[in-house]
Amino acid sequence: MTSSQSADVVVVGGGTVGAWTAVQLAERGAGRVVLLEMQTLGDGASSRASGMVRAQGGTETAITLGLRSQEFYATSGERFPLDCGFVRQGYLMPCFTEAEVAQAHERIALQHQLGLDVEWLSSADIDSRDTGMAPGSSLGGSYAPGDGYINAPRNVLAYTAALTAHRVQVRERTTFTGLRVIGGQVVGVDTSAGPIDTPRVVLTGGPHLGEVGVRAGGRIPAGGTRHQVVVTEPLRDANIDELPMVFDVSEGIYWRPGEFGGVLWGMSNPEEPAGVALEFDWVYYEKAKARIEELFPPVRGLGLRRTWAATIDYTNDHLPILGPLLTDDGPLAGTVVASPAGHGMMWGPAVAEAAADLTLTGECTWLDLTDLGLDRFDADGNSRVAPEPISLPFPEHA
């Protein structure tokens, strides 16, 4: 795309959050929008995600972001050249202890208040439905028919087409190296391809967001950790496209339809230390495999079509970051930090919308951002906010 040495807004990061932020800024008349990506669009976790899009969160923030993102995905084909391929599959979250049952009923009450279509299914209800789960394996669970999934590469194609349609200047293989600041206000960014004058910058970066923060002159307590996904051969005795998605929160294992009739299932190791990791851990896979085969007998004996590992981002409280960059001199005017905290596909478009709102108006009217800024973290990166409970088991400290 056409090169320029100035921009009305620069967005750092070409993943789901960064790209959809740039699209929504351009869509809303932000002027000249430049997107910086150190590799290629979707090269990081965005092209390796499992694509779960769930509104069954445990906090108002999570539920609101999930619902907002689902609406975005469902209507994406009306706004952009390509839709994101969202499938409303239905999502079952089983409980295995009485404590989990009580927590699920509390969540359902909050979810109903926020407008989510969700119901409680008893153990007998689950056994009587076609879920694929082993009879009597749970004490019941919550079920939301509107939850679903998207195909991650399709999402990358969709936002690439949208960036082109809205004339965002995409600069791939261009690394963000720092900010230029005068009097506490951003006046430009430095890149590996030269400086760009701009009064507004959105900082994203997924698992690399901490590094982006350092280069920008601040500290962003967001880390990265390994997540693993496999796709099996086709099911032999069931049709995966007719079964609900399932999330065993206690073990950090979930599954959904994969390609060609197979099962896509993912896992995170709660004992895994933080850090970049792209190698597949076969030892932990065998442990997780035993658990999914116990809960979901149709997967037993199936070979694997594909396996991969990706480094995904997280924050210590599993909640997003939305607010200005904080430096030793205080909030830096003209900056917005946007992180989905490991829920990139699930919350990405909504986090992007909030980031666009903050960039253009300085506020967000549909999401309470009071406790989502960087000021919630202390010097050691600990958050004062209670964590989002329905999350993968990421490391404790970013």
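For this structure, a couple of remarks:
- For GLY188, the residues whose amide H sits under 5 Å from its own are ARG180, THR198, ignoring neighbours fewer than 5 places away on the same chain, with H placed 1.01 Å from N.
- Region 219-231 - phi-based ³J(HN,Hα) in whole Hz, Karplus 6.51/-1.76/1.60, Gly and Pro as x: 10, 10, x, 10, x, x, 8, 6, 9, 10, 9, 10, 10
- Computed on the chain, with alpha-carbon pairs under 8 angstrom and 6+ residues apart, the relative contact order is 22 percent.
- Here the contact order of region 8-154, divided by its residue count and restricted to Cα pairs under 8 Å and six or more residues apart, works out to 26 percent.
- Relative contact order, percent, region 220-370 [alpha-carbon distance under 8 Å, six or more residues apart]: 25 percent
- Distance between the pseudo-spin-label points of ASP43 and THR75 (7 Å out from Cα toward the beta carbon): 3.4 nm.
- Modelled FRET efficiency - R0 45 Å, GLU172 with GLU98, Cβ distances, 0.05 increments: 0.30
- Charge dipole of the chain about the Cα centre (unit charges at C-beta), most positive-ward option of HIS112, SER138, ALA222: ALA222
- In the chain, the portion of solvent-accessible area held by carbon and sulfur atoms comes to 49 percent [1.4 Å probe, whole percent, DNA, RNA and ligands not counted].
- Cα gyration tensor, region 349-398 - rounded (a/c under 1.5), prolate or oblate: prolate
- Inter-site label distance for ALA333 and GLU119 at 7 Å from Cα along Cβ, in nm: 5.5 nm
- Only helices enter this figure: runs of n ≥ 4 DSSP H residues, each worth -39500 (n - 2.57), summed and divided by the residues of the chain, yield -8500 deg cm²/dmol at 222 nm to the nearest 500.
- Qualifying chymotrypsin sites (Phe, Trp or Tyr not before Pro) for region 339-398 [loop in DSSP, other Cβ within 10 Å: at most 14]: TRP366
- Heavy-atom accessible surface of region 56-127, averaged per residue, reaches 44 Å², computed with a 1.4 Å probe.
- Per-residue surface analysis assigns CYS95 an accessible area of about 0 Å², computed on protein heavy atoms at 1.4 Å probe radius.
- Residue-span extension gain [ASP130 to VAL187] - 0.36 nm each, minus C-alpha spacing: 14.7 nm
- Efficiency of FRET from Cβ geometry, ARG88 and TRP308, R₀ 25 Å, rounded to 0.05: 0.50
- Virtual paramagnetic centre 7 Å along Cα→Cβ of SER250, amide N under 17 Å, in region 91-120: 92-106
The values are calculated or read from the model by the stated rules, or taken from the named source; none is laboratory data. A quick note: this is a predicted structure, and the numbers were derived from the prediction, not measured. Glycine gets a Cβ as well: all are built from the backbone with ideal geometry, and neighbour counts include every protein chain shown. Accessible surface is based on the protein model in full, side chains and every heavy atom, while ligands, DNA and RNA are left aside. Shrake-Rupley method; radii C 1.70, N 1.55, O 1.52, S 1.80 Å.
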